[in-house]
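**Student:** Can you read through this structure? Questions will come right after.
What follows is calculated from the coordinates using simple rules that are stated; it is not laboratory data. Being a predicted model, the structure only gives us computed values, none of them experimental. Methodologically, a virtual Cβ is constructed for each residue, glycine included, from the backbone with ideal geometry; neighbour enumeration extends over all protein chains shown.
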Amino acid sequence: MSAGTLDRSCRLGITVQRDRYAAALVESDGTVLASIERPTVIPSITEVLPSAVDELMAQAGPRGIELENIQQVMLAVSEVDGLAGLPGSDRSWKRWPGQLGPVAVVRLGAATTSLPPLAGWPAELRATVSIAETSVAGGARLDGGDFEPLDTAALVAFARSIAGKVNAVAVSSVFATVAPGHELAAAGLLRAELGDSVPILLSHEIGGAGLLERENATVLQATLIRRAWGAAHRLRRSLVDCGLSHAEPFMARNDGSIMTVDYALTRPLLMHGAAAAVGARGAALLAGESEALVAFTDVAGQPTAVCSVTGGSAQLAAGSTIIAGVQTGLRTVALVATDPPIGGTGSGLTQLAEAVDRAKGSPRDLPLLVIGPGAEKLVDTLPGPLPGTTLVCCPPRADAASAVGVAAAPVGGEAVRMFGAASPHGDDIRTRVHEQARAAAVHAGADPVTVAVTDVEESTVPHVSEPTVLLRVRAEGPPRVGWRRTYERS
Amino acid sequence: MHLAGGRLREFARGCDVLGGGGGGQARYALPLAAHAVELTGPVPVVQASELPSDGLVMPCSFLGAPAIGAERIGTCREAATIRGHVERHFGRPVVAMLCNEIGGFHGTASVALAAHAGLPMLDADGMGRAFPGMSRVSMHLAGVSPEPVVLADEHDRVVAVHADGDGWLERMARSVVVGFGDRGVSSEYVMTVEQAAGAVIDGSIAKALRIGELIGEAKSVADAARAIAAEFDGVVIAEGKVAAALPEPGRPTPATIEGTGPDHGRTLRLEVGHEYLAVVEDGQVLATVPDIITVFDTYTGEALGAGELRYGHRVVAVALPCPDVWRTPAGLDLVGPAAFGLDLPYRPVVAP
């Protein structure tokens, strides 16, 4: 391979949403070399990968691109519950085979019995995934002190009762986001009893404010971990089969950034809602508009939902996300469906105009970027300007905008910390949280040299007597390069 | 009447409507109440006439910062701890729990507290809606002594505050909550069943339930709003869209609602604080606190909290009359427009 072709490193993006998929080949400078959008009988990445690679290479080959030029493969799915085969989810997905769970659930914080672990879960899901739950003394207070002293004896006794019976353990703790010490100590004790082969997931690594939502997310992640391993294994095998063993695979996440597959293994829930998030990113990129609205379409040319984009990224909803009937702290794109109001009527353009206005967040008119398989059809049927928009456009390659978006996405990382506003160590803490955010992005697969803090949010926690600061720092960087193949088909 | 199962969901919807945008979201306390009822069985809702007149009625509610409560979710056994302390102090049994604030989170949460304390709920509350602060209750106007304030945390630490005058009580109680780490459960204004007659707002639980029922039966959100207004002597103010809203917690800020559909062409100013404070159209006051102003999202059917209001929401606004006690001169002093920093006259909502 000559130096000339190496310079032309590019990324392959694929998104799968129920019965359709999109794929794109994007050069590192952002040039889109090839793209397709096709139906699929089975929504599954491994299912669509071979034909996507063939078709894209047929388009890009004449432009001097070879498989060797593809350095990374970025993948996005629309929802994780179907893939994961969680009870009650859409059956059309080709679900990851293998066992769901079984897991055990540990909560550190005994005086939290108003709602014990899994108390609000759908009965079927709970019975499927969990064999035992316990709440033992532990946890922290807002000031970092002990909520209760950690009951190590109870932990060891519980560990012995579940040894050999579980595939993973989910551990959560009161104010783990302020002081994760008890979760780390509990993980050590559990590992000593259960051995290294049982993954132990800790809630402070999953993140999110609110014990229950963080705990729920941690348990769901633990439930999916074995299946996710299997899925990752098959994905890598199918990359090898497609001649892409040298390309590092990345998965898109809820906020429209990406993470390595290794990182995603213990955080499969983060893949939920990623297709919409990267779709919005792709639309903004293709249209060259960083402040805009994005309308998603179905193959018939009907609008399905609208979201807003600021700074090139989709805006996330303020609230939590329900996955498989369980409330989690995961934040997904604030998608406004084009459905009529409760008990109301309305369809087509009226409903689109209303969804646009509801998605805007301010009276300012913005460009509306239409993407998805029916984008051109929808734009063609518009009789004139749409209220609330400066223009309506179908950017080039709008049908495959989500694949372009995922191929061009940065790797993101976040760190959150609560601390006393009067703390004499305030500036030290800020510096450390910045460093943690960069480290989180690198951990998720960002290039360590160029990763940088992109967003800092500092707010006051309301109604707390001791003025308390909530600091949220986000870092982003391009995906790392030079990944060495560790996986060959024998 | 009992609270359990599907009725709890209806009750929570009614609590959100009576919150008038304040008091937090009742639906967030629903899992607590549902779990409590699963453990203890349905919570009976009783009338004062069914209770011994010298028995005690114990108001009880969570207090502290929501961000702390989201981590330290507590046991709800705090209510049982407080009940024991109250019974020892007064030397007689508590026969019912009183919900302090029917509007929003505390309405539903009080069901969980009652269940864990093993008490029925009196079909009443202390506000008939939601207000910030703990002294804006009808018991205060009726001259019931708030003393002692009994506070407990989730580790059965209990403090009873005895002090003369509201100022000191609130000051001491506040420092106890700080000691707890900004989260606890408290009881004040404990009274006899006899004293409660005329000092509490009757029928609040039944009212919230009935509102929830009407919402469940309605075909559309506007229909629900009309049915609620018709049954409770209120008015449907307008259907519209939020054309401007920039909520600033704790400070009254105006939002604009532009009429849509049958109300096309109308422009309303909505004053927003911790709750919805007033609706003004062309300089005319259509409704103000203490009457209850509720804003429904026509796409979700939820009553929108004052902090949730954003540009683009499609809404139906309704005003319901507040309990009579707040319309007296003393009541208006405590919770009239001026008490919330508004330079507007109080114009009671009157059914058309």
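**Student:** State the dimensionless ratio Rg/Rh of region A:331-490 (Rg: radius of gyration of Cα atoms; Rh: Kirkwood radius).
**Tutor:** 1.11
**Student:** Based only on other Cβ atoms within 10 Å, what is the fewest-to-most ordering of A:Ile162, B:Ile257? Each step should come with its number before you reach the end.
**Tutor:** Numbers: A:Ile162 21, B:Ile257 28.
Taking fewest neighbouring Cβ atoms as first place, the list is A:Ile162, B:Ile257.
**Student:** Could you work out [θ]222 nm for chain B from helices alone, using -39500 (n - 2.57) per DSSP H run of at least four and dividing by all its residues? Round to the nearest 500 deg cm²/dmol. Could the numbers behind the result be given before it?
**Tutor:** Values: 11 runs with 110 residues, N = 352.
It comes out at -9000 deg cm²/dmol, rounded to the nearest 500.
**Student:** A follow-up question, please. Would you please state the base-10 log of I(q)/I(0) at q = 0.14 1/Å for region B:29-125, with intensities from the Debye formula using one equal scatterer on every alpha carbon?
**Tutor:** Rounded to two decimals, the profile gives -0.49.
**Student:** While we're on this one: Helix-only mean residue ellipticity at 222 nm, chain A, DSSP H runs n ≥ 4 weighted -39,500 (n - 2.57), per residue, nearest 500. What is it?
**Tutor:** Computed ellipticity for chain A at 222 nm equals -10000 deg cm²/dmol.
**Student:** Can you give me the pair-distance distribution of the protein assembly as shown, C-alpha pairs, 10 Å bins, whole percents?
**Tutor:** With a bin width of 10 Å, the distribution comes to 2, 12, 20, 23, 21, 13, 6, 2, 0, 0.
**Student:** Next question, about the same structure. Computed over the Cα atoms of chain A, what is the ratio Rg over Rh, Rh following Kirkwood?
**Tutor:** Dividing the radius of gyration by the Kirkwood radius yields 0.98.
**Student:** Can you give me the Cα centroid spacing of region B:336-352 and region B:175-189 in angstrom?
**Tutor:** 32 Å
**Student:** If you don't mind, another one. Using the Cα gyration tensor of region B:234-340, with a ≥ b ≥ c the square roots of its eigenvalues, what is the shape: rounded (a/c below 1.5), prolate (a/b larger than b/c) or oblate (neither)?
**Tutor:** prolate
**Student:** Cut-off is 10 Å between beta-carbons; in what order do B:Lys219, B:Lys241 appear when sorted fewest neighbours first?
**Tutor:** B:Lys219, B:Lys241
**Student:** Separate question: Run through the DSSP bridge list for the protein assembly as shown and note the antiparallel percent, rounded to the nearest 5. It would help to have the intermediate numbers written out before the result.
**Tutor:** Values: 100 of 143 bridges.
Of the beta bridges lying entirely in the protein assembly as shown, close to 70 percent run antiparallel.
**Student:** While we're on this one: How many percent of Cα pairs in region A:103-228 exceed 19 Å?
**Tutor:** On the way: 3187 of 7875 pairs.
Looking at region A:103-228, the distances longer than 19 Å represent 40 percent of pairs.
**Student:** Still on this structure, please answer the following. Just to be sure I understand the rule: take each whole DSSP H helix in chain A, project its Cα atoms onto its long axis, keep it if the span is 24 Å or more and its mean Kyte-Doolittle hydropathy is at least -1.0. Which ones pass?
**Tutor:** Values: long enough: A:211-241 (43 Å, -0.21); A:426-443 (25 Å, -0.83).
Those that pass (Cα extent of 24 Å or more, hydropathy at least -1.0) are A:211-241, A:426-443.
**Student:** Which values of log₁₀ I(q)/I(0), to two decimal places, follow from the Debye formula for region B:2-202 at q = 0.10, 0.12, 0.14, 0.18 Å⁻¹ with a uniform point scatterer at every Cα?
**Tutor:** Normalising to I(0) and taking log10 leaves -0.35, -0.52, -0.72, -1.30.
**Student:** Obtain the nm distance between the two label points defined at A:His233 and B:Ala244 by a simple spin-label model: each point lies 7 Å from its Cα along the Cα-to-C-beta direction.
**Tutor:** 6.2 nm
**Student:** Sticking with this one: Simple spin-label model, 7 Å along Cα-to-Cβ: B:Ala197 to A:Ser465 in nm?
**Tutor:** 4.0 nm
**Student:** Can you give the direction-averaged projected area of the convex hull of the alpha-carbon atoms in region A:410-477, in nm²?
**Tutor:** Working: hull surface 17.6 nm².
Spelled out: convex hull of the Cα atoms, projected over all directions, averaged, 4.4 nm².
**Student:** Here's something else I'd like to know. For chain B, what is the convex hull volume of its Cα atoms per residue in Å³? Please list the in-between numbers first.
**Tutor:** Working: hull volume 44.1 nm³, N = 352.
Each residue corresponds to 125 Å³ of Cα convex hull volume.
**Student:** Continuing with the same structure: Per residue, what volume in Å³ does the Cα convex hull of region A:232-374 take up?
**Tutor:** 152 Å³
**Student:** Another question, if that's okay. Please rank B:Cys322, B:Cys15, fewest neighbouring Cβ atoms within 10 Å first, as an exposure proxy. All intermediate terms of the calculation are to be shown ahead of the outcome.
**Tutor:** Numbers: B:Cys322 24, B:Cys15 38.
Going from sparsest to densest Cβ surroundings: B:Cys322, B:Cys15.
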